[in-house]
There are 2 protein chains.
Amino acid sequence: MRAHTKPLRESFYVSAAPTVYDVAERSGVSIATVSRVYRNPDAVRAPTRERVLAAARELGYVPSGNARGLASRSTGILGLCFPDYSDPDAEAGEAEDEDPAMLYSDQIIRGMERAARRHGYALLIAASLEGGPESLVAKVAGRVDGFAVLARTVPTEELEVISRRQPVVMLAGPREGDDHLDHLDHVEVANFDGQRELTRHLIEDHGLRRLAYIGSAEESPDVEARFRGYLAACRAGGVEVGDEPDLRVGMMTQAEGARAADVLCARDGERPQALVFANDQMAVGALHTLEQRGLRVPDDVVVTGFDGIPLSRLVRPALTTVRQPMVRLGEAAVDLLVKRLSGARDAEPVSLMLPVTVVRRGSCGCGEGEGGKPGVR
Amino acid sequence: MRAHTKPLRESFYVSAAPTVYDVAERSGVSIATVSRVYRNPDAVRAPTRERVLAAARELGYVPSGNARGLASRSTGILGLCFPDYSDPDAEAGEAEDEDPAMLYSDQIIRGMERAARRHGYALLIAASLEGGPESLVAKVAGRVDGFAVLARTVPTEELEVISRRQPVVMLAGPREGDDHLDHLDHVEVANFDGQRELTRHLIEDHGLRRLAYIGSAEESPDVEARFRGYLAACRAGGVEVGDEPDLRVGMMTQAEGARAADVLCARDGERPQALVFANDQMAVGALHTLEQRGLRVPDDVVVTGFDGIPLSRLVRPALTTVRQPMVRLGEAAVDLLVKRLSGARDAEPVSLMLPVTVVRRGSCGCGEGEGGKPGVR
DNA sequence: TTGAAAGCGCTAACAT
DNA sequence: ATGTTAGCGCTTTCAA
């Protein structure tokens, strides 16, 4: 027996936690048996098991996850790393309701948590916050069996290195052509298809010809893909377009959306028939400002968004948009990780493209039946 | 040097992850130095440090969180355990939007995640799912520096034992009088006060006298506290009440709320002037059904909820309710944990009661100005 | 500033 | 069915 003895104090807060040794000693068995009681109860005779469990209870024994992970090389934990969207506003006041930035990662967290739970994993979530040689990913990577990374949270080089040792799935960011990251599993949503289909709907079903696209100034592969979908539909429909968005805004917020609408609708004669926004936030902002300008949506101008945030359904007119399956994204990530972890370690990298749904509602002139969900009108 | 040598393979997927030994060997230093480079870079001369870092990069070294945690007795992780609210419906279809059951724990997760991040911790979340002698809590407990438990997720006895070794904070469930759990930190919301104040408003400001309370059949201390608040206000206002809710429903869902409204408003002559629901979900359901019955809210009947879910603001008429600071709850939990972890290990147990806010909106006849948030109307 | 060595608490062969 | 014995990969005195 090892010199592992600890004073069995009676005071309430005990400094050192009891270990297998303590439990073993107290119940008169070996540490191996104690371990077995937890890992594989059936391998221990019932009376013995009872004694061990009793001793554990008396001592307040809780197995150390760290020691376990170290010895067994697995943790039962899946991870998620995402950028620190922290937002000055978020500090202040209520922040209770639909904060779009939160929602995005939150939906993914929801999906992952749910799926992880189904597979018996817990979820470790961490937002990148830089610091030292020890980036966040490394911290997470060292503690989980596999993890998902949102978009481009992490230097690809580092990811490349880590992903040699454990499953990593890349979320939402499109796979780069010639990147280091070709061997990662990867899940994205059909940005291109969604925007194309939505645009097609505007052109063909509503007969609109003068569209304006409002994109982002920041480089975002998602937004680019959406824009390309828009272009494709325009060209297919014989609508004349340049190869740049009509406007690029900085933040894709409601405020920017409102401003964009103001700018684009100012030139009265040539006002676009439709404002196609790269996300719902901007579109909602536009709706608001258009109303104030006395322009009716969809009669005077059609507005569309992208994302399918809850708010999009609740504004008036309800927003025609493309719904992204965020929760699914999280679920898919977990499923991929779990698959890798249970055998398929070196299967071919998988790349999933989750389908999106065009949601036709009032802001394009469709969807009378919308908004009829109980309690909301 | 230990027999720790591993073949440096060139194939892409390497089986064993490199360790401090590998890095040490490759950079010609001792493992102690490698460790120092990560834990305390300044204790190592710059050139040495560079060499180590370079070797680490070449090898794809990632420190093992487990080994670290084991050796240093701390993880940098905070935990959250909550009940498995999993919901048959949740499996199906979209589940994208505001699902109240999710929202509840999700808001707390948001709050905790945010606060944890501020303090440099990551968050481990796990929903209880039973299984063997190793309950979820134990699993979480063994992997975090401290954790929060939602309501009565866990047998109190087990919690008692665990909480001797690490900080635990109990969320939302009221502290039992004579429980084992008196030494835990504890955060709840002012259910009693909130419901009392809301009810007082109905009685005194709107002059209502015939109220009906719709509570829950399941035992829930929160709902009980609300009901007691209601009673207190009624009695204070000289309104006659029994000591049981006028109706108790099973699930507190929209459907049940609708049914409750039907039942209570059926008896036409003595229809209540106000339906006071124990949560928003039910109230929203009631709004819907009342509209269909041709009863106008608030003119014919006043409706109120409790929780302050986003939906409450978006229905028409907007719902008068009591807003619970869920995100704050999560933040408070983290703050408490962090405080304990940084010194105050055996300070007196703290019990926080977070204030709630009565939100007066259309459904009680107040709040013309409400709903004016940009983009929502 | 760096190295040597002793654990941290557990799991997993291998014995018995 | 149970015990023995090595580690797992890192941190941390204590020396040098």
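Taking all protein chains as shown and a probe of 1.4 angstrom, residue A:252 keeps an accessible surface of around 40 Å². Here the Karplus relation 6.51 cos²θ - 1.76 cosθ + 1.60, evaluated at θ = phi - 60°, turns the backbone of the stretch A:309-324 into coupling constants of 5, x, 4, 4, 7, 9, 6, 10, x, 4, 8, 6, 7, 10, 8, 8 Hz, with x for every Gly and Pro.
Just tell me how shielded B:66-78 is by partners: mean number of partner chain Cβ atoms within 10 Å of each residue's Cβ, no decimals. Don't skip to the answer; put the middle values down first.
Details: counts 14, 5, 5, 8, 8, 2, 1, 4, 1, 4, 3, 7, 0.
Averaged over the peptide's residues, the number is 5.
Near residue B:244, once Lys and Arg are set to +1 and Asp and Glu to -1 for all other residues with Cβ below 13 Å from its Cβ, the sum equals -1. By the Kirkwood approach, averaging reciprocal distances over each pair of separate Cα atoms, the stretch A:164-244 gets a hydrodynamic radius of 14.2 Å.
Take residue B:263, push a point 7 Å out from Cα through the beta-carbon direction, and compare it with the same point in every other copy: 5.8 nm, smallest first. In this assembly, the B-A interface accounts for approximately 8100 Å² of buried accessible surface in total, computed with a 1.4 Å probe and without ligands, DNA or RNA.
Computed with a 1.4 Å probe over protein heavy atoms only, the accessible area of residue A:200 comes to about 60 Å². What separates the residue A:238 label point from its copies, with the point 7 Å along Cα to Cβ, is 7.9 nm, written shortest first. Remark: spin-label model distance residue A:205-residue A:217 equals 3.4 nm, labels positioned 7 Å along the Cα→Cβ axis.
When the solvent-accessible area of the stretch B:162-287 is split by element, carbon and sulfur atoms take up 45 percent of it, the probe being 1.4 Å. Residue B:259 sits with roughly 130 Å² accessible to a 1.4 Å probe, with DNA, RNA and ligands left out of the calculation.
Between copies, the label points of residue A:204, set 7 Å from Cα on the Cα→Cβ line, lie 6.4 nm apart, reported in increasing order to one decimal in nanometres. Rounded to the nearest angstrom and listed largest first, the equivalent-ellipsoid semi-axes of the stretch B:185-299 from its Cα gyration tensor are 22, 18, 12. Summarising the amide proton neighbourhood of residue A:253: residues at separation of 5 or more, or on other chains, whose placed amide H is nearer than 5 Å comprise an empty set. Hey, what D do you get for the stretch A:27-72 in µm²/s if you plug the Kirkwood alpha-carbon radius into Stokes-Einstein at 4 °C and 1.567 mPa s? Approximately 118 µm²/s, per Stokes-Einstein. Taking amide H atoms as placed 1.01 Å from N in the peptide plane, the amide H of residue A:354 lies under 5 Å from those of A:188, A:189, A:190, each 5 or more residues away in sequence or on another chain. Around the Cα centre of the stretch A:231-280, unit charges on the Cβ atoms of Lys, Arg, Asp and Glu (plus for the first two, minus for the last two) sum to a dipole of about 40 debye.
Scalar couplings 3J(HN,Hα) for the stretch A:104-120, obtained by applying the Karplus form with A = 6.51, B = -1.76, C = 1.60 to θ = phi - 60°, are 4, 5, 5, 4, 5, 4, 4, x, 5, 4, 4, 5, 4, 4, 4, 8, x Hz; x denotes Gly and Pro. When the Cα positions of B:237, B:303, B:357 are compared along the charge dipole of the stretch B:205-360, B:357 comes out farthest toward the positive end, with charges on each C-beta of Lys, Arg, Asp and Glu.
The values are calculated or read from the model by the stated rules, or taken from the named source; none is laboratory data. Predicted, not measured: the structure shown is a model, and the values here were computed from it. Here Cβ is always computed from backbone atoms with ideal geometry, including for glycine, and neighbour counts include all displayed protein chains. Side chains included, ligands, DNA and RNA excluded: accessible areas come from the protein's heavy atoms. Shrake-Rupley method; radii C 1.70, N 1.55, O 1.52, S 1.80 Å.
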